[in-house]
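*Asks:* Before we start, here is the structure in question, set down as structure tokens.
The values are calculated or read from the model by the stated rules, or taken from the named source; none is laboratory data. Computed from a prediction, not measured in an experiment: that's the story for all the values here. Note that each Cβ is placed from the backbone with ideal geometry, even for glycine, and that neighbours are counted across all protein chains shown. In case anyone asks, the SASA skips ligands and DNA or RNA and just uses the protein heavy atoms, side chains included. Shrake-Rupley method; radii C 1.70, N 1.55, O 1.52, S 1.80 Å.
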Amino acid sequence: MQQAMDLTRYKGRQRSELIEILWDIQKSCGGISKQLQSSLAEQLNLSTSTIEEVVTFYHFFSEEYRGKNQIYLDTSIIAQHRGMKEIRETFEKELGSKIGGLSSCGTIGLFETACIGMSDQSPAALIDFVPFPKLTPKKVEIIVKELKAGVSAKEIAKKFGLGDGANASKFVRTPVCNNIQKKGDVFFTKWKKGEAVSSALSKKPNEVIDMITASGLRGRGGAGFPTGMKWKIASELSADQKYIVCNADEGEPGTFKDRLLLTEFAGLLIEGMKVASYAVGADKGFIYLRAEYFYLRDHLEKQIKDLESKGLLKDFKLKVKMGAGAYVCGEESALLESLEGKRGEPRMKPPFPVEVGLFGKPTIVNNVETFVLAAQVMRYGPQHLNKMGTEKSKGPRLLSISGDVEKPGIYEFPWGVTVAEVLKICGAKNPKIVQVGGPSGTCISKNDFVRQLAFEDLPTGGSFMVFDESRDLFEILENFMQFFVDESCGNCTPCRAGNVILRDLLKKINLGKARPSDLQKMIDWGTLVSKTSRCGLGMSSPNVLLTSFKSFEDEFKNKIKNSDELFFDFDEEKATKEYREFHRE
Amino acid sequence: MGKKVISTVSLAGCFGCHMSVLDIDLKLLDLVELVEFNRSPLTDIKTFTKKVDIGLIEGGCCNAENVEVLREFRKNCDILISLGECAVMGGLPALRNHLSLEECLEEAYCNVPTNKGNKIIPKHEDLPELLDRVYPCHEVVKIDYFLPGCPPSGDVIWSALAALLNGDEPKIAKHLIKYD
Ligand SMILES: Cc1cc2nc3c(=O)[nH]c(=O)nc-3n(C[C@H](O)[C@H](O)[C@H](O)COP(=O)(O)O)c2cc1C
Ligand code: SF4
Ligand code: SF4
């Protein structure tokens, strides 16, 4: 049952702290009931609906009671292929409940969630926000037994053996593994504390920006905006306050390279943010960390403290702020809304965050990898990046490789590497489909394996999923489209309704019930959704259908029925069954 | 060249779409020059007596009879048009689609405010069997064209018919189907 809680402690707190406060309540009470919402509204001097709209937006907040312990299973396609069905069934059996419900003992909730950033060690689940990678039915039995006996998730996790590197450190202590498979010489150098910051501070801010520009660094979050240009715009605006924000939302299914950076390169990341703050004249910063990476929060805060105590973060106040489960909050303007304590609905652009960002002030939003690279540019000079890659894509790219490969994990490649080279090195056997850049990226077949990973050919935010000959294309596509249906923020109709239409068309095709005109319909709807949606989610969600149709046209056509048909197989028997069986005295 | 033949029918509709056909006003005079009506409530002809060029369907399918009639139309008409929201998407009748049949019948026959103690829900072999939900026509047979609107305006209907009778692809001007 949902716990009661005295909320007077929140009296007078800021609206921008709402998400943190809601996390407090969700964690202590197992849910945020209507009653709690209205008393909180009173304390914060907000309307109840303001609280309600935020609670109902984020997947990890709930109005109903979700249990003392909350289990979230990863529903990504990679997890499905790695046996998530059996894991789910074992949980259901052991708990005596179904997905979405509470265990028979009433205290353990079982739920599903989108990719949790563990595709290299799938199938995985979050239990009270502690990640449990590489689950087996046997492990599940142990977990449930221990939870029922009141052992904490953290304690249970330790029994399965801690991961490597900082995963085993005092502030993390989880069984997550880094899975570094291929080191390059840009990321994987030894960090000398303070080197990047002191290099920057020895130069003028505009010289720092010139170095970033000269390195050719482009944003690693997906869109690839030139980082030097972004910083330059921010530096030239005069404002009483500017912000530096690190986008650590890493929500694109199949991506987990920021997980590694946050674990092993947090110091460099923080230095990169400090460099940015010096370059543009900002004195406040936030790391927006996805809730799935809660287990890294203490670690990040410790790293910030360490650098602060060494005097490396002078005039720069940096804080970690949590997300609460929403893919769209990776979109920079939605992320800022979320930082302000609101629903994570993307803003209209322009104005861009660099001009009108957090609390209306000029704000730099960059991906984790971008900041880390900016720090490396300070240490090794622009040449270090500039010398590798292609004309428009300079430097290295961290790939998160998952799926049907021998060695899933993290790879450092220079931009410009071909898909075929990557497949060879990660040990892909009989690859049939490669999904470059996650569900919102490009779906390619063998014919395209000669292509290059680069902004000018196949751009990617780092997700690289490989599927072999045994996999069903349509199962994969349905999983991706369901993801977009679940994650659309619902603000604009083309995305809210369009993704449902696309998913349903896909189901119809997969069931063998579609007609030739349905293929055209899919293309037309896809084009419409991508052209008329407000933010990148809707603009790119149809990509996977449009590109897979190009790559696997025959597979689509084989599913299509005869075009001359006038009478469809409408099942009258089935449609009238309910009526025939309906009796009433 | 002989006159083209048109048929119309109202399935799970309210006859509003048929009223709209009459709403093409003076152009009706042009229309009857060009076409003859076969099976249709407008002529009261109940069965097809010849091959039909264009069939206009009002309403979706809410019972087995609707399905049967729709299939007959498909058999007898070269071109079939879903006329109006109910035919195209199920329309108002489809509001019952999120209720079970039982809830729906209870509400309609027993719980309505005007009911004075009736507890009987009619069910008889002479009554058409209800479907579990209301289906748009194109889930049952192939539909060639869709005319949106509730009802589509007389102008929309006229412009579509005029094009088809001319042997052209119907194109509806945007302002005719822009509602806000
Ligand atoms: C739906 C959606 C999700 C996104 N998720 C992320 C994310 O998880 N991490 C990220 O860095 N960028 C993400 N982005 C891109 C950001 O909007 C933004 O472009 C990026 O953070 C800018 O940083 P960069 O220039 O360093 O790449 C996402 C964009 C969209 C449209
Ligand atoms: S495109 Fe989708 S996610 Fe983006 S604003 Fe519109 S509804 Fe929201
Ligand atoms: S579309 Fe409108 S006018 Fe036509 S039958 Fe349905 S409710 Fe009546």
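*Asks:* Restricting attention to region A:455-501, and to residues there that are hydroxyl-bearing (Ser, Thr, Tyr) and more than 16 Å from ligand 2 (Cβ to nearest atom), which single residue is nearest to A:Ser119 (Cα to Cα)? Full working, then the answer.
*Replies:* The first filter runs over region A:455-501 and keeps only residues hydroxyl-bearing (Ser, Thr, Tyr), leaving A:460, A:463, A:470, A:488, A:493.
Those still in the list that are more than 16 Å from ligand 2 (Cβ to nearest atom) too: A:460, A:463, A:470.
Values: A:Thr460: 16, A:Ser463: 10, A:Ser470: 19 Å.
Restricting to residues being hydroxyl-bearing (Ser, Thr, Tyr) and more than 16 Å from ligand 2 (Cβ to nearest atom), the top hit is A:Ser463.
So that you can scan it fast, the table gives a plain yes or no per residue for (1) among the acidic types (Asp, Glu); (2) open to solvent by 30 Å² or more (accessible area, probe 1.4 Å); (3) under 30 Å from A:Phe449 (Cα atoms); (4) within 16 Å of ligand 1 (Cβ to nearest atom):
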| site | (1), (2), (3), (4) |
| --- | --- |
| A:Val500 | no, yes, no, no |
| A:Lys507 | no, yes, yes, no |
| A:Gln520 | no, yes, yes, no |
| A:Lys559 | no, yes, yes, no |
| A:Asp569 | yes, yes, no, no |
| A:Glu578 | yes, yes, no, no |
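*Asks:* Here's another thing I want to ask about it. Quickly run through region A:342-389 and pick out the residues that are farther than 20 Å from A:Val328 by Cα, in a loop (DSSP other than H, G, I, E, B) and in contact with a helix residue (DSSP H, G or I) (Cβ under 9 Å, 6 or more places away or on another chain).
*Replies:* Matches in region A:342-389: A:Glu355, A:Pro362, A:Gly381, A:Pro382.
*Asks:* Moving on to the next point. Given the options A:Phe582, A:Phe556, name the one that is out of contact with any strand residue (DSSP E or B) (no Cβ under 6 Å at 6 or more places or on another chain) and away from chain B (no Cβ under 14 Å). Spell out how you get there, then give the answer.
*Replies:* On the way: A:Phe582 fails: away from chain B (no Cβ under 14 Å).
Result: A:Phe556 is the single residue among A:Phe582, A:Phe556 that is out of contact with any strand residue (DSSP E or B) (no Cβ under 6 Å at 6 or more places or on another chain) and away from chain B (no Cβ under 14 Å).
*Asks:* For A:Leu528, indicate whether it is more than 14 Å from chain B (Cβ to nearest Cβ) and either basic (Lys, Arg) or within 26 Å of A:Phe352 (Cα to Cα) (or both). Step through it out loud before you land on a result.
*Replies:* Details: more than 14 Å from chain B (Cβ to nearest Cβ): yes; either basic (Lys, Arg) or within 26 Å of A:Phe352 (Cα to Cα) (or both): yes.
Here the answer is yes, as A:Leu528 does meet what is asked.
Residue by residue, here is whether (1) assigned to a loop (DSSP other than H, G, I, E, B); (2) open to solvent by 20 Å² or more (accessible area, probe 1.4 Å); (3) more than 30 Å from A:Pro408 (Cα to Cα); (4) modelled with pLDDT of 95 or more holds:
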residue: A:Gly222; (1), (2), (3), (4): yes, yes, no, no
residue: A:Lys230; (1), (2), (3), (4): no, yes, yes, yes
residue: A:Ser235; (1), (2), (3), (4): no, yes, yes, yes
residue: A:Ser238; (1), (2), (3), (4): yes, yes, yes, yes
residue: A:Gly251; (1), (2), (3), (4): yes, no, no, yes
residue: A:Gly254; (1), (2), (3), (4): yes, no, no, yes
residue: A:Leu269; (1), (2), (3), (4): no, no, no, yes
residue: A:Lys274; (1), (2), (3), (4): no, no, yes, yes
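*Asks:* Ok, one more. Select, from A:Leu313, A:Leu289, the only residue that is in contact with a strand residue (DSSP E or B) (Cβ under 6 Å, 6 or more places away or on another chain) and more than 16 Å from ligand 3 (Cβ to nearest atom). Please lay out each step first, then the result.
*Replies:* Details: A:Leu313 fails: in contact with a strand residue (DSSP E or B) (Cβ under 6 Å, 6 or more places away or on another chain).
Just a single option satisfies the conditions, and that option is A:Leu289.
*Asks:* Within region B:1-33, restricting attention to residues that are among the aliphatic types (A, V, I, L, M) and open to solvent by 90 Å² or more (accessible area, probe 1.4 Å), which residue is farthest from ligand 2 (Cβ to nearest atom)?
*Replies:* Here is the first cut: in region B:1-33, the residues among the aliphatic types (A, V, I, L, M) are B:1, B:5-6, B:9, B:11-12, B:19, B:21-22, B:24, B:26, B:28-29, B:31-32.
Going one step further and asking which of them are open to solvent by 90 Å² or more (accessible area, probe 1.4 Å), we end up with B:1, B:19, B:26, B:29.
Working: B:Met1: 52, B:Met19: 38, B:Leu26: 46, B:Leu29: 49 Å.
Ranking the candidates gives B:Met1 first.
*Asks:* Find the residue count for region B:89-129, including only residues that are aliphatic (A, V, I, L, M) and assigned to a helix (DSSP H, G or I).
*Replies:* As a first pass, look at region B:89-129 and keep what is aliphatic (A, V, I, L, M): B:89, B:92, B:94-95, B:99, B:101, B:105, B:108, B:112, B:120-121, B:127.
Filter once more, so that each one left must be assigned to a helix (DSSP H, G or I): B:89, B:92, B:94-95, B:101, B:105, B:108.
Final tally of qualifying residues: 7.
*Asks:* Then there's this: Out of region A:199-212, which residues are in contact (Cβ under 8 Å) with a residue 24 or more places away in the chain and hydroxyl-bearing (Ser, Thr, Tyr)? Give the steps one after another, and end with the answer.
*Replies:* So the first thing to find is which residues in region A:199-212 are in contact (Cβ under 8 Å) with a residue 24 or more places away in the chain, and the list is A:199-201, A:205-206, A:208-209, A:211-212.
Selection gives A:Ser199 alone.
*Asks:* Scanning for something crowded, with 18+ Cβ neighbours inside 10 Å, in the same structural domain as A:Gly281 (by TED's automatic domain parsing) and assigned to a strand (DSSP E or B), does region A:404-419 turn up at least one residue?
*Replies:* Within region A:404-419, not a single residue is crowded, with 18+ Cβ neighbours inside 10 Å, in the same structural domain as A:Gly281 (by TED's automatic domain parsing) and assigned to a strand (DSSP E or B).
*Asks:* One residue is enough: does region A:384-391 have a residue meeting the conditions over 30 Å from A:Leu477 (Cα atoms) and of a type in the set (Asp, Glu)?
*Replies:* As a first pass, look at region A:384-391 and keep what is over 30 Å from A:Leu477 (Cα atoms): A:384-391.
In the following step, the residues that additionally are of a type in the set (Asp, Glu) were identified as A:391.
Yes, region A:384-391 contains at least one residue that is over 30 Å from A:Leu477 (Cα atoms) and of a type in the set (Asp, Glu).
*Asks:* I've got another one for you. Have a look at A:Arg297, A:Arg343 and point out the one that is open to solvent by 30 Å² or more (accessible area, probe 1.4 Å), within 15 Å of ligand 2 (Cβ to nearest atom) and away from every other protein chain (no Cβ under 14 Å). It would help to see each step written out before you state the result.
*Replies:* Numbers: A:Arg297 fails: within 15 Å of ligand 2 (Cβ to nearest atom).
After ruling out the rest, the residue left standing is A:Arg343.
*Asks:* Among the candidates B:Lys119, B:Lys50, B:Lys123, which residue alone is touching a strand residue (DSSP E or B) at 6+ places or on another chain (Cβ under 8 Å) and open to solvent by 40 Å² or more (accessible area, probe 1.4 Å)? Please lay out each step first, then the result.
*Replies:* Numbers: B:Lys119 fails: touching a strand residue (DSSP E or B) at 6+ places or on another chain (Cβ under 8 Å); B:Lys123 fails: touching a strand residue (DSSP E or B) at 6+ places or on another chain (Cβ under 8 Å).
So the residue among B:Lys119, B:Lys50, B:Lys123 that is touching a strand residue (DSSP E or B) at 6+ places or on another chain (Cβ under 8 Å) and open to solvent by 40 Å² or more (accessible area, probe 1.4 Å) is B:Lys50.
*Asks:* With respect to the numbered conditions (1) buried (at least 21 other Cβ atoms within 10 Å of the Cβ); (2) more than 21 Å from the chain's Cα centre (by Cα), which one is the sole condition not fulfilled by A:Asp306?
*Replies:* Among (1) buried (at least 21 other Cβ atoms within 10 Å of the Cβ); (2) more than 21 Å from the chain's Cα centre (by Cα), the lone unmet condition for A:Asp306 is (1).
*Asks:* So which residues in region A:138-184 are open to solvent by 60 Å² or more (accessible area, probe 1.4 Å), in a loop (DSSP other than H, G, I, E, B) and in contact (Cβ under 8 Å) with a residue 60 or more places away in the chain?
*Replies:* Hits for region A:138-184 are A:Phe171, A:Lys183.
*Asks:* Mind listing whichever residues of region B:93-131 are among the charged types (D, E, K, R) and within 10 Å of chain A (Cβ to nearest Cβ)? Please lay out each step first, then the result.
*Replies:* Of all residues in region B:93-131, those among the charged types (D, E, K, R) come to B:96, B:102-103, B:106-107, B:116, B:119, B:123, B:125-126, B:129.
B:Glu102, B:Glu106, B:Lys119, B:Lys123, B:Glu129, listed by residue number.
*Asks:* Right, another one. Assuming B:Ile54 fulfils every condition listed in (1) within 16 Å of the chain's Cα centre (by Cα); (2) outside any strand (DSSP E or B); (3) more than 12 Å from every other protein chain (Cβ to nearest Cβ) apart from one, which condition is it?
*Replies:* Checking B:Ile54 against (1) within 16 Å of the chain's Cα centre (by Cα); (2) outside any strand (DSSP E or B); (3) more than 12 Å from every other protein chain (Cβ to nearest Cβ), the one that fails is (2).
*Asks:* Keeping to region B:132-172, report how many residues are more than 14 Å from chain A (Cβ to nearest Cβ) and open to solvent by 40 Å² or more (accessible area, probe 1.4 Å). First the steps, then the outcome.
*Replies:* Let us first name the residues in region B:132-172 that are more than 14 Å from chain A (Cβ to nearest Cβ), namely B:147-172.
So of that shortlist, the ones also open to solvent by 40 Å² or more (accessible area, probe 1.4 Å) come out as B:148, B:150-151, B:153, B:155, B:158, B:166-169, B:171-172.
Residues flagged as more than 14 Å from chain A (Cβ to nearest Cβ) and open to solvent by 40 Å² or more (accessible area, probe 1.4 Å) within region B:132-172 amount to 12.
*Asks:* Using beta carbons and a limit of 7 Å, which pairs, at least six apart or on different chains, have the first residue in region B:102-116 and closer than 15 Å to B:Arg133 by Cα and the second one modelled with pLDDT of 90 or more and surrounded by 14 or more Cβ atoms within 10 Å (Cβ to Cβ)?
*Replies:* B:Cys104/B:Arg96; B:Leu105/B:Ile121
*Asks:* If you check A:Pro362 against the conditions, is it away from ligand 1 (no atom under 13 Å from the Cβ), free of Cβ contacts under 8 Å to residues at least 40 places away in the same chain and of a type outside the set (Val, Ile, Thr)?
*Replies:* Details: away from ligand 1 (no atom under 13 Å from the Cβ): yes; free of Cβ contacts under 8 Å to residues at least 40 places away in the same chain: no; of a type outside the set (Val, Ile, Thr): yes.
Spelling it out, it is not the case that A:Pro362 is away from ligand 1 (no atom under 13 Å from the Cβ), free of Cβ contacts under 8 Å to residues at least 40 places away in the same chain and of a type outside the set (Val, Ile, Thr).
*Asks:* On to the next question. I'd like to verify a number: residues in region A:26-63 that are touching a residue at least 60 places away in the same chain (Cβ under 8 Å) and either in a loop (DSSP other than H, G, I, E, B) or open to solvent by 50 Å² or more (accessible area, probe 1.4 Å) (or both), how many?
*Replies:* Of the residues in region A:26-63, 7 are touching a residue at least 60 places away in the same chain (Cβ under 8 Å) and either in a loop (DSSP other than H, G, I, E, B) or open to solvent by 50 Å² or more (accessible area, probe 1.4 Å) (or both).
*Asks:* So, one more: Give the residues of region A:534-557 that are open to solvent by 10 Å² or more (accessible area, probe 1.4 Å), within 16 Å of ligand 1 (Cβ to nearest atom) and in a loop (DSSP other than H, G, I, E, B), sorted by residue number.
*Replies:* Residues satisfying the conditions are A:Arg534, A:Cys535.
*Asks:* Please go through region B:57-78 and give me each residue that is buried (at least 23 other Cβ atoms within 10 Å of the Cβ) and either modelled with pLDDT under 95 or away from chain A (no Cβ under 11 Å) (or both), ordered by number.
*Replies:* Of everything in region B:57-78, those that are buried (at least 23 other Cβ atoms within 10 Å of the Cβ) and either modelled with pLDDT under 95 or away from chain A (no Cβ under 11 Å) (or both) turn out to be B:Ile57, B:Glu58, B:Gly59, B:Gly60.
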